[in-house]
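Asker: Below is the structure I would like to discuss, written out as structure tokens.
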Amino acid sequence: MDSALASSEDEIRQLESEWGDAFERGDMAALDRFMADDYILTDPLGNVRSKAESLAALKSNEVRFESTKSNDVRVRINGDTAVVTGRSTFKGRYKGWSMAGQYQYTDVLVKRRGSWMAVSSHITALGTGTLRLSLGLFLSSWLGVLAATSASELS
């Protein structure tokens, strides 16, 4: 591997680490910096979110990370595009439901104006994570409908 490629790989690994730290801290300024304006996330439930929607979900605590630890991180660089794959263990909440578990992810980064930025992420829950998140989403939606129905019946 030539030194320029090794340097880019180190830079990307550092960005990925700092990005995970920013999620844990809820550091919106850092998250905004790491994600390109045209960033797209496909979450473990198959929802596709823009950068603005992703940041809004974090800001409102719809999604909250308590810890993120990644391993088996692989970086492949082709010109000004990098594909990063890895496995993460998350602790946190999605709409109040635990999202603790292991996830496989793919991040796509591009180099723009001399800096690497994420343009896309895809996260897949491993094991029972998707079932737990789907059940939690269903129950929270169902309870919301039930509460609305009960409130309208009381009026």
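Asker: Quick one: is residue 66 assigned to a helix (DSSP H, G or I) and farther than 16 Å from residue 105 by Cα? Before you say what the answer is, go through the steps one by one.
Answerer: Numbers: assigned to a helix (DSSP H, G or I): no; farther than 16 Å from residue 105 by Cα: yes.
No: the conditions fail for residue 66.
Asker: Test of understanding: among 59, 95, which residue is touching a helix residue (DSSP H, G or I) at 6+ places or on another chain (Cβ under 9 Å) and at positive phi?
Answerer: Sole residue among the options that is touching a helix residue (DSSP H, G or I) at 6+ places or on another chain (Cβ under 9 Å) and at positive phi: 95.
Asker: Given 56, 52, 100, which one is over 17 Å from residue 122 (Cβ atoms) and surrounded by fewer than 13 Cβ atoms within 10 Å (Cβ to Cβ)?
Answerer: Going through 56, 52, 100 in turn, just one is over 17 Å from residue 122 (Cβ atoms) and surrounded by fewer than 13 Cβ atoms within 10 Å (Cβ to Cβ): 52.
Asker: Surrounded by fewer than 16 Cβ atoms within 10 Å (Cβ to Cβ), within 19 Å of residue 16 (Cβ to Cβ) and either touching a residue at least 24 places away in the same chain (Cβ under 8 Å) or of a type outside the set (Lys, Arg) (or both): is that true of residue 37 in this structure?
Answerer: For residue 37, the condition - surrounded by fewer than 16 Cβ atoms within 10 Å (Cβ to Cβ), within 19 Å of residue 16 (Cβ to Cβ) and either touching a residue at least 24 places away in the same chain (Cβ under 8 Å) or of a type outside the set (Lys, Arg) (or both) - is not met.
Asker: Being part of a strand (DSSP E or B) and farther than 14 Å from residue 69 by Cα is the requirement here; does residue 29 meet it? Steps first, answer last, please.
Answerer: Details: part of a strand (DSSP E or B): no; farther than 14 Å from residue 69 by Cα: yes.
No: the conditions fail for residue 29.
Asker: With segment 81-155 as the region, which strands (runs of 3 or more DSSP E) entirely inside it contain at least 1 residues that are at pLDDT below 85 and of a type in the set (Phe, Trp, Tyr)?
Answerer: 81-94
Asker: Give just the number: which of (1) of a type outside the set (Asp, Glu); (2) surrounded by 13 or more Cβ atoms within 10 Å (Cβ to Cβ); (3) in a helix (DSSP H, G or I) does residue 6 not satisfy?
Answerer: Condition (2) is where residue 6 drops out.
The values are calculated or read from the model by the stated rules, or taken from the named source; none is laboratory data. None of these values were measured; they are calculated from a predicted model. We place every Cβ from the backbone using ideal geometry, glycine too, and count neighbours over all the protein chains shown.
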